[in-house]
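Data block below; observations after.
The values are calculated or read from the model by the stated rules, or taken from the named source; none is laboratory data. Given the structure is predicted, the values throughout are model-derived calculations rather than measurements. Cβ placement follows ideal geometry from the backbone for every residue including glycine, while neighbour counts extend to all protein chains displayed.
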Amino acid sequence: MKNKLNSIYKKLYKNFGPQNWWPAETPFEVMVGAILTQNTSWGNVEKAISNLKKHNLLNPRKLRGLTHKQLSRYIMPAGYYNIKAKRLKNFLNFLFDNYRGDIKKMSAVDTAVLRQQLLSVNGIGPETADSILLYGLNKPVFVVDAYTKRIFNRHSLIKADAQYHDVQRLFMDNLKRQEKLFNEYHALLVKLGKDFCRKSKPKCNICPVK
């Protein structure tokens, strides 16, 4: 499995090159984006984040100071804005209750402990928590998403009903635990899933890893 995973990575990197993901200026922007991107396209998230930046609000303290209604209005382009405003508020409360709003203090915590803390926040599931850890805090945690599951199921490397933890363990047990590797690998899989291994009408005949 180790050789197979490394082979897939090399083929993807050769075909697509570095993805430079996550596109954000600060760790906090990554965290906000990770929550907003649930059930929507990245293009919509960018519009919501642009709204926050335009009003100089992309800051933990300033964002926390907004009412639910105000926050909902700013992030409206991301869709499900009432739900996502509540989830952002939950995360901000967690950040201030546990780390006084300090991302550096949060980052200093053991990865496994911090992951469990994040998963205890209402509205934050495994994919969102791991995105925050990997892309926001540079922790070596592999992010699993729908693209990952689809690709590896179609290549008969996992079962269709494989659980998140099992798929994640496949990568973390067989690859070097390096943040940069996990970052690039996941981003390349997203690229493959969007452009080739699509849910309908996949381009299997020209797939870079066929």
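What are the residues in region 91-103 that are free of Cβ contacts under 8 Å to residues at least 40 places away in the same chain and either of a type in the set (Val, Ile, Thr) or within 28 Å of Asn44 (Cα to Cα) (or both), if any?
Leu92, Asn93, Phe94, Leu95, Phe96, Asp102
Which helices (runs of 4 or more DSSP H) does region 116-210 wholly contain that include 1 or more residues that are in contact with a His (Cβ under 7 Å, 6 or more places away or on another chain), surrounded by fewer than 13 Cβ atoms within 10 Å (Cβ to Cβ) and in the same structural domain as Ala34 (by TED's automatic domain parsing)?
Filter on region 116-210 gives an empty set.
Kindly indicate whether Ile35 is in contact with a helix residue (DSSP H, G or I) (Cβ under 6 Å, 6 or more places away or on another chain) and free of Cβ contacts under 8 Å to residues at least 40 places away in the same chain.
No.
Return the total of residues in region 62-90 being out of contact with any helix residue (DSSP H, G or I) (no Cβ under 8 Å at 6 or more places or on another chain), touching a residue at least 24 places away in the same chain (Cβ under 8 Å) and either under 17 Å from Val30 (Cβ atoms) or not hydroxyl-bearing (Ser, Thr, Tyr) (or both).
2
Take Arg100 and decide whether it is under 19 Å from Pro60 (Cα atoms), surrounded by fewer than 19 Cβ atoms within 10 Å (Cβ to Cβ) and either of a type in the set (Lys, Arg) or not assigned by TED's automatic domain parsing to the domain that holds Leu36 (or both).
Spelling it out, Arg100 is indeed under 19 Å from Pro60 (Cα atoms), surrounded by fewer than 19 Cβ atoms within 10 Å (Cβ to Cβ) and either of a type in the set (Lys, Arg) or not assigned by TED's automatic domain parsing to the domain that holds Leu36 (or both).
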